Amino acid sequence: MSDASKSASQPWLLSFPSLALFLGLLVVPLALTAILSFNVFDSMMGTQDDYTFGNYLEILSDSYYYELFLRTALMSAGVTLLCILLGVPETIILSRMQPRYQGIFFVMILGPLLISVVVRTLGWSIMLGREGLINQSLISLGLIEAPLQLMYSMTGVVIVLTHVMLPFMVIAVWTTLQKLDPQVADAARSLGAGSWTTFSRVILPQLLPGILSGAIIVFTLSASAFATPALIGGRRLKVVTTSIYDEFLHSMNWPLGAAIAVLLLIGIVSVVMGSNRYIERKFKQVFS
Amino acid sequence: MSTLTIRNLAKTYPPNVRAVKSIDLEIESGEFVSLLGSSGCGKTTTLQMVAGFVTPSAGQVLLDGRDITYLEPDKRDMGVVFQSYALFPHMTVAQNVRFGLEMRKLPEAQIRERVADALMMVQLGGLDSRYPSELSGGQRQRVAIARVLAIRPRVLLLDEPMSNLDAKLRSEMHVELRGLQKRLGITTILVTHDQVEAMTMSDRIAVMANGTIAELGTPQEVYDIPSTEFAFNFLGQSNTITAKVLGHDDAHTQVSIGSSVIQIPLRDAGTSGELRLFIRPERLTLSSPETGIITGRVATRLFLGNTWTYEIDSDFGRLRVIKVNTRGGQPGEGELVGINWNAADMQSASGELADV
Ligand SMILES: Nc1ncnc2c1ncn2[C@@H]1O[C@H](COP(=O)(O)OP(=O)(O)OP(=O)(O)O)[C@@H](O)[C@H]1O
Ligand SMILES: [Mg+2]
């Protein structure tokens, strides 16, 4: 074997195991789902071998599905916004802490990821109920008179999703924050900027790439989250993932479920690619 | 413009790092003072306390007589050039330079004029719209300098601002910056560990060691008549000779070194016992063996272009001699030579390095 051919095949050989894993576990199921979404469904006889665009036409012509996708997008956007508003200050406070407290608080922030989704969500449903801790506290503080509808509502789902997603935002911002030169803030101060101006004009813009990548992660994970919307939102508040589940397991309309899943995937991928392109264009010169 | 007074300034980092032990310095209006010292002696910490980024553990900083020890950095009107440049990475060169002017709420026309002026001063015209990541190290450093010159600060604090420039650009910047500083009359502190930089630019040099000022004076004073052993060795080179004091007369002190007896400028009449003497290599001259005060044999010689450096074994131990590369014969290795000096150049340390 000549050197040239050896070096050409070597990368493929070396990456074969991971490629096989990738193909077997991701590409094949996705392709099967995509094919399934074009199958004909008959309510009497189930999934047929014929192919059709009917499933997609059904979705695209029904305002119910538009509402469903819009609701999911709004929910994810709300969670993302809350994660930014809470996560950025949280990370900055964390970075100013003494090292020994930093460790403890890091574990607390990552906590939601370490607990099983079922346990975490059940815990929240106890807290969010009409007789739950949150409603009772608010009533005894005199802030509200009647209990708020938190369970089976958008508010509840957004609160619980924000709790789980926050660590992803904190980690993304933290990584960017660690790369900042603390003297840059000093330079801004000595040039006459107060602490607020220094934050808004010097520190925040430098954190922006981290915030944006955190936002992408949070948005996509929220849009594809299933357990939290299913358990907190219940049957009353449907999002895309829960309706896919319903199509598969209740209506048994697999092709329609697959079509919704494919549309969700397309939606998420285009959000990710769009924001990536935006970030690259905006920050290429600045942080190369 | 502004006088700066530093009184007993000290900084102890937890748990017990005494970065700066006690600094006293009075800087006149428009004066250029360098803090010169080896790495880790507390130069940056001192500068940061003056700028307001580090809170002193003790002492005071006064600007025109007003106590600013605990004043916020943005209220001090000081221009700081950092060791790491600290440019704003998300702003272009022009935006970096504008920043301080915008903070001062100057009218747009004036901002533009000052930005252009400042960039011209540091020879960076035409790079306005580049980002810091697209500049070389030297260019970044010059942006940092332009950024503070633009605000015409009351005090200029420079932390090794030229350490990344090539030799030619650096010496150009020395002349340039010194000229600007004189013209604008800005009181300036320069932190450096480059002796040449400190010597060429400063009105006065403060030689720092272990968090204190070991020596303070004009460049000639600290080089020619330093008072501490540390300064003799830190600034330039010195031959250190151990001598035994024999006695004193009206003008001289007699000491014995090896088998020779020589005279040095009068020391305190009380001085007795051992004495350490210092003489600069360039103050020793070579002659034929018969005419030398002492004789020695050339061990090695190094050619440096404009000078020769000789290592000579003599009665005084090994001596280093620096000789200008003049026309004519230079003594070779192994040759016997005479060594001469002016009695006044054989100095001794009059002060001790304060160990606070
Ligand atoms: N934040 C800090 N915490 C603890 N120790 C520090 C801190 N900053 C500086 N020091 C210590 O204080 C001493 C003086 O530091 P400083 O930065 O003032 O040195 P320097 O003279 O500027 O040195 P260089 O020429 O290398 O820049 C050093 O021993 C350093 O390790
Ligand atoms: Mg330093």
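The values are calculated or read from the model by the stated rules, or taken from the named source; none is laboratory data. Bear in mind the structure is a predicted one, so any value in this text is a computation, not a measurement. When we count neighbours, we look across all protein chains shown, and the Cβ atoms used for this are built from the backbone with ideal geometry, even at glycine. Just the protein is used for accessible areas: all its heavy atoms, side chains included, with ligands, DNA and RNA removed. Shrake-Rupley method; radii C 1.70, N 1.55, O 1.52, S 1.80 Å.
As an equivalent ellipsoid, the range B:4-232 spans semi-axes of 29, 20, 16 angstrom, where each value is the square root of five times an eigenvalue of the C-alpha gyration tensor, largest first.
Both radii are taken from the alpha-carbon atoms of the range B:56-171; with Rh as the Kirkwood radius, Rg/Rh is 1.00.
For the residues A:47, A:241, A:197, a GNM of chain A with alpha-carbon springs under 10 Å puts the largest fluctuation on A:197.
Under Stokes-Einstein, with the Kirkwood radius over Cα pairs as Rh, the value for the range B:1-119 at 20 °C and 1.002 mPa s is 132 µm²/s. Each residue of the range B:169-220 gets 81 Å³ once the volume of the Cα convex hull is shared out per residue.
Helices that extend 15 Å or more along their long axis by alpha-carbon positions and average at least 0.0 on the Kyte-Doolittle scale are, among the DSSP H runs of chain B, B:93-103, B:137-150. Apolar share of the accessible surface for the range B:1-150: 48 percent from carbon plus sulfur atoms, 1.4 Å probe. With springs connecting C-alpha atoms under 10 Å apart, model chain A as a Gaussian network and identify which of A:152, A:56, A:101 has the largest mean-square fluctuation. Between A:152, A:56, A:101, it is A:101 that shows the largest mean-square fluctuation. When the alpha-carbon atoms of the range A:147-196 are used, the pair Rg, Dmax equals 18.8, 52 angstrom.
If you plug the beta carbon distance of residue A:138 and residue A:236 into 1/(1 + (r/R0)^6) with R0 = 22 Å, you get a FRET efficiency near 0.50.
The simple Förster model, with R0 at 45 Å and r as the Cβ-Cβ distance, assigns residue A:7 and residue A:269 a FRET efficiency of 0.85. Within chain A, the whole DSSP H helices whose Cα atoms reach 18 Å or more along their own axis and whose mean Kyte-Doolittle score is at least -0.5 are A:3-22, A:63-96, A:99-114, A:154-179, A:204-223, A:254-283. Summarising the label geometry, the points placed 7 Å from Cα in the beta-carbon direction at residue A:51 and residue B:343 lie 11.2 nm from one another. Please give the residues of the range A:20-61, grouped as numeric ranges, whose backbone N is less than 12 Å from a label point set 7 Å along the Cα-to-Cβ vector of residue A:251. It comes to A:41-43, A:55-61, nothing else.
Taking every C-alpha pair closer than 8 Å and separated by at least 6 residues, the mean separation divided by the residue count of chain A gives a relative contact order of 26 percent.
With an a/c value of 1.5 or above and a/b not larger than b/c for the gyration tensor axes a ≥ b ≥ c computed over the alpha-carbon atoms, the range B:65-120 is described as oblate. Once the Kirkwood radius over Cα pairs is known for the protein assembly as shown, the Stokes-Einstein relation at 20 °C and 1.002 mPa s delivers a diffusion coefficient of 68 µm²/s. How would you classify chain A from its alpha-carbon gyration tensor, with a ≥ b ≥ c the square roots of the eigenvalues: rounded for a/c under 1.5, else prolate if a/b is greater than b/c, otherwise oblate? The shape class here is oblate.
If you run the Gaussian network model on chain B, springs between alpha carbon atoms under 10 Å, then out of B:309, B:55, B:45 the most flexible one is B:309.
Among the lysines of the protein assembly as shown, pairs at least eight places apart or on separate chains and with Cα atoms under 28 Å apart come to 19. Regarding the range B:285-340, what is the average projected area of its C-alpha convex hull, in nm²? Its Cα hull, projected and averaged over all orientations, spans 3.4 nm².
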